[in-house]
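What follows is a short report on a single structure.
Please treat every number below as a calculation from the coordinates, not as lab data. Source: prediction; values computed, not measured. Cβ sites come from the backbone with ideal geometry, for glycine too, and all protein chains shown count toward neighbours.
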Ligand code: PMP
């Protein structure tokens with residue numbers, strides 16, 4: 001089936017969902033500045049000619065985004081979209097948030113860079129505020145700032161190896177931990193792996209992906225086989241002492257896969273039994289994104305030894321961090337370790353201001369309220385849209401797995417791509433994930449409203465309905 005069907009074509013047909021008025025974006029007081037730069041075609045041509053061909057674009061006809069205000073973005077023609085992907089879980093408090101713009105403007109006009117060899121107030125102030133957001137008595141207090149999530153994960157594993165003196169690392173299948181050669185080795189998603197030496201000492205365990213249980217079992221009668229299997233993996237595949245276990249509290253790129261409540265408790269205990277440290281990759285789940293808790297790991301009632309974060313913590317500024325205990329960080333002092341841009345005053349200001357906004361505007365609570373409402377509506381949508389096989393996630397980190405048939409669970413990869421196109425045409429930007437590219441991903445800025453959530457669901461309803469009807473007609 002072609003992705004280039006006439007936008008909204010399916011809406012013309014007389015069916016139950018098309019009799020309703022088409023979903024419309026909630027109003028916004030913001031008027032975008034008329035765009036006067038290169039055309040969409042020129043942008044594409046420049047990119048094609050001068051950038052490495054690795055750069056990806058969504059959509060058959062890639063769109064441009066030239067302005068953003070809170071949860072909305074505009075393309076060069078002035079068309080507005082609800083940014084329900086948040087720049088891939090990165091625009092956390094809203095595009096061009098006034099407080100952050102003001103703080104960054106001031107910092108850029110004062111000092112962009114001087115190197116961490118000299119003192120500057122913001123790095124310490126930010127690290128102090130960050131430490132205050134970990135549950136007390138965890139010892140999670142000292143931070144090494146980085147420029148990205150990949151760097152933070154690379155650092156976390158290095159710290160764990162140095163602190164334990166062990167080499168073996170446990171990670172999960174279906175995980176994404178970054179695009180560096182080291183973190184590509186932690187990642188277990190063929191889509192993102194090159195045929196290169198990578199993953200030295202990394203062992204991938206079966207994920208707690210209940211919808212597609214790797215053991216063909218059903219929760220809770222499975223007795224958490226996936227969690228307990230890690231012990232055999234340690235016994236068979238390692239020397240018997242491991243450096244660490246790294247996992248996302250909710251697997252994002254893998255298709256928003258959240259484990260059963262007991263999973264992490266069992267695995268953390270096993271890893272610690274064999275001398276390993278537990279690393280929570282909170283690159284997508286940190287800072288209130290999951291609604292009920294500030295950190296993703298708190299949803300599973302565990303305490304990691306090292307926590308990595310990036311994406312949303314700078315609201316778009318290139319910023320990552322790795323927080324741990326002083327004891328675990330100490331062995332790194334045996335040599336010099338340095339990162340030129342990490343900890344610079346501009347990204348520190350972005351991070352500190354973002355954290356302040358999350359606190360001041362109670363965005364975690366908004367995430368809980370709007371996220372719960374949105375998930376409830378998406379679950380209801382399952383009743384009328386047979387393409388939906390599963391709705392997962394927490395807060396404003398949600399995934400919708402599309403299947404061709406709910407019994408066979410054959411991934412509806414082509415339909416997912418079509419729905420992505422159709423929702424975009426209607427003014428909604430969603431993401432896509434999962435090994436088969438059949439999971440729609442939702443992670444809007446945490447300032448979204450229930451009106452935005454209604455628009456999102458209505459829009460998705462229209463697109464899924466149109467896709468279903470097209471299939472019926474074609475078939
Ligand atoms: N960990 C997770 C869970 C991620 O989702 C990502 C990015 N998708 C990374 C690490 C890597 O972050 P970055 O792209 O900033 O290097």
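Okay, here's what the table says:
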item	result
Sorted by Cβ neighbour density within 10 Å, fewest at the top, the residues 65, 400	65, 400
Over region 392-463, relative contact order from alpha-carbon pairs under 8 Å, at least 6 apart, %	32 percent
Nitroxide proxy distance, nm - points 7 Å out along Cα→Cβ at residue 108 and residue 213	5.3 nm
Alpha-carbon spread of region 268-369, three principal axes, descending order, Å	40, 36, 17
Helix-only mean residue ellipticity at 222 nm for the chain, each DSSP H run of n ≥ 4 adding -39500 (n - 2.57), per residue, nearest 500	-11000 deg cm²/dmol
37 °C / 0.692 mPa s Stokes-Einstein diffusion coefficient of region 100-360, Kirkwood radius on C-alpha pairs, µm²/s	175 µm²/s
Relative exposure of 145, 336, judged by other C-beta atoms within 10 Å (fewest first)	336, 145
Rough spin-label spacing in nm, given labels placed 7 Å along Cα→Cβ, for residue 333 and residue 450	5.3 nm
Cα centroid separation - region 84-159 against region 232-287, whole Å	25 Å
Alpha-carbon centroid distance for the pair region 50-75 / region 335-364, whole angstrom	25 Å
DSSP bridge pairs, the chain: antiparallel proportion in percent, nearest 5	65 percent
Projected-area mean, the chain, by convex hull of Cα positions, square nanometres	23.5 nm²
Chain lengthening between residue 292 and residue 77 when straightened (0.36 nm per residue, less Cα-Cα)	73.6 nm
Ranked 436, 337, 177, criterion: other C-beta atoms within 10 Å, fewest first	337, 436, 177
